[in-house]
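A quick write-up on the structure given underneath.
The values are calculated or read from the model by the stated rules, or taken from the named source; none is laboratory data. Everything quoted here is computed from the prediction, not taken from an experiment. Cβ coordinates were reconstructed from backbone atoms using ideal geometry, including for glycine residues, and neighbour counts include every protein chain displayed. Accessible surface is based on the protein model in full, side chains and every heavy atom, while ligands, DNA and RNA are left aside. Shrake-Rupley method; radii C 1.70, N 1.55, O 1.52, S 1.80 Å.
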Amino acid sequence: MNFDFSDDQKQLRDQARKFLAEKCSPKAVRVVLDGKAPYDKELWKGLAEMGFLGVAIPEEFGGAGAGHLELCVIAEEMGRANAPVPFSSTVYLAAEALLIAGSDAQKKKWLPAIASGEAIGTLALFEGKGNPSPKNVKLTAANGVLNGVKKPVADGAIADFAVVAARTGSSGRDSDISLFLVDLKAGGVEVKSLTNLDPTRGQAEITFKDCKAEPLGAAGEGWSILTQVLDRAAVLCAFEQVGGSDRALEMGRDYALDRIAFGRQIGSFQAVKHMLADMYVSATLARSNSYYGAWALSTNAAELPEAAAAARISATQAFQHCAKNNIQVHGGMGFTWEFDCHMYYRRANAMALGLGSLSYWEDQLIDRMRKKNAA
């Protein structure tokens, strides 16, 4: 079985890398990091023009109709470039939720807008501390009206619409949760930006007060749909993390070859060699698991739940490891604002919590493997 990408997909990767190298340099990322703009609007527009936002959206809804493998390729390059745009919240979460559970009318309204860059979407799931769980959903829905607070919501301050998880029952079962689609520019919504570790990927608190919403998917099926969305997003985020891991490794390697100490390149010292070797091993393991996840996602294989969890775990560990050790290789300079190391360190730690903690996904992998073996 060949898990490698096709020649066309590799060509797409080269195209995306070239585009992002031109439009998303570290200097461009710093404009968002140091400034007041919540994201790079010109980059977002360019991604839409290149067709990257709609790469996995069917042609009938304004997308390229390519597929999830192509989206994985784009995701990796977004991670390498540390792109300061709402790509993951819009493409991995909101768009995937619409593709899985949206009606034709909902898809026709929002998917073409996503593909063209006219709309930013997000998933409003969390309500403070805690991992994804039906019991943690307190926001209520009754008679098509939502009441409650969601935080943190990725890119919530700039989103045009949100997929919202709400409680519609009190039986104590997963069927108590339903999903709703909310136009965030309509009434009944209050948005407040939150301070977070990575300012290039904003977080927000959204308060819903008698907010009108339309159902997304069947009533009581919300948690089942969310599980599918999170599994898909786990694979796609894993590719972003792999891209970030590889770039952090390259930064450390390049510095180790350029920096001279005691008359030698610091990369010639055994301790630095070991550090870089460990980074390479973790990044390569993450890539292997992510490729398996990409296969499972693209074929809708029965193995997707386990593959998604494995990809999420290994990619999270790799990105945090490589980002941290990149700073160590750079030494004292690596801790300064002027060097770019901290940007990847911020992104690595922010992404580690975006879909639930590392321990949550470890528990998911164990539970899913146990159920599969018991079947």
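Details
- For the condition open to solvent by 20 Å² or more (accessible area, probe 1.4 Å) and part of a strand (DSSP E or B), Glu250 does not qualify.
Let's see how each residue does on (1) part of a helix (DSSP H, G or I); (2) not small (Gly, Ala, Ser):
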| site | (1), (2) |
| --- | --- |
| Met78 | yes, yes |
| Ala83 | no, no |
| Ser89 | yes, no |
| Glu96 | yes, yes |
| Ala119 | no, no |
| Thr122 | no, yes |
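- Annotation: of all residues in region 50-73 being without any contact (Cβ under 8 Å) to a residue 60 or more places away in the chain and of a type outside the set (Gly, Ala, Ser), the one that is nearest to Pro86 (Cα to Cα) is Phe52.
- Positions within region 145-177 being small (Gly, Ala, Ser) and within 12 Å of Ala124 (Cα to Cα), in sequence order: Gly148, Ala154, Gly156, Ala157, Ala159, Ala162, Ala165, Ala166
- Filter result (surrounded by fewer than 18 Cβ atoms within 10 Å (Cβ to Cβ), closer than 23 Å to Gly65 by Cα and of a type outside the set (D, E, K, R)) within region 10-49: Gln11, Gln15, Ala48
- Applying the condition of being assigned to a loop (DSSP other than H, G, I, E, B) and closer than 18 Å to Thr227 by Cβ to region 158-170 and asking which residue is least open to solvent (accessible area, probe 1.4 Å) yields Gly169.
- Residues that are part of a loop (DSSP other than H, G, I, E, B) and either open to solvent by 40 Å² or more (accessible area, probe 1.4 Å) or of a type outside the set (A, V, I, L, M, F, W, C) (or both) are absent from region 276-299 altogether.
- Looking only at region 171-188, and only at residues there that are open to solvent by 50 Å² or more (accessible area, probe 1.4 Å) and in contact (Cβ under 8 Å) with a residue 40 or more places away in the chain, the one that is farthest from Ala352 (Cα to Cα): Ser175
- None of Gly148, Gly130 is under 20 Å from the mean Cα position of the chain (by Cα) and farther than 24 Å from Ala75 by Cα except Gly130.
- Residues that are open to solvent by less than 60 Å² (accessible area, probe 1.4 Å) and either part of a helix (DSSP H, G or I) or of a type outside the set (A, V, I, L, M, F, W, C) (or both), drawn from region 213-223: Gly217, Gly220, Gly222, Trp223
- Within the set Thr207, Thr168, Thr195, Thr200, the sole residue that is modelled with pLDDT under 95, β-branched (Val, Ile, Thr) and in the same structural domain as Glu127 (by the TED database) turns out to be Thr195.
- Of all residues in region 317-375 being under 18 Å from the mean Cα position of the chain (by Cα) and not in a helix (DSSP H, G or I), the one that is surrounded by the most Cβ atoms within 10 Å (Cβ to Cβ): Leu355
- Residue match in region 162-177 (condition: under 30 Å from Lys41 (Cβ atoms) and touching a Phe, Trp or Tyr at 6+ places or on another chain (Cβ under 7 Å)): yes
- Region 102-116: number of residues that are open to solvent by less than 20 Å² (accessible area, probe 1.4 Å) and of a type outside the set (Val, Ile, Thr): 5
- Considering Asp210, Asp155, Asp231, the condition of being on the phi > 0 side of the Ramachandran plot and crowded, with 24+ Cβ neighbours inside 10 Å is satisfied by Asp155 alone.
- Entry remark, region 267-294: residues being more than 17 Å from Asn326 (Cα to Cα) and more than 18 Å from the chain's Cα centre (by Cα) number 2 in total.
- Neighbours by Cβ (under 7 Å, 6+ apart or cross-chain): first from region 117-141, crowded, with 24+ Cβ neighbours inside 10 Å; second assigned to a loop (DSSP other than H, G, I, E, B) and polar (S, T, N, Q): Ala141/Thr168
- Checked against (1) open to solvent by less than 30 Å² (accessible area, probe 1.4 Å); (2) within 18 Å of Ile120 (Cβ to Cβ), Val191 passes all but a single condition, namely (1).
- When Arg253, Arg264, Arg247 are screened for being assigned by the TED database to the domain that holds Gly332, within 21 Å of the chain's Cα centre (by Cα) and either at positive phi or modelled with pLDDT of 95 or more (or both), only Arg247 passes.
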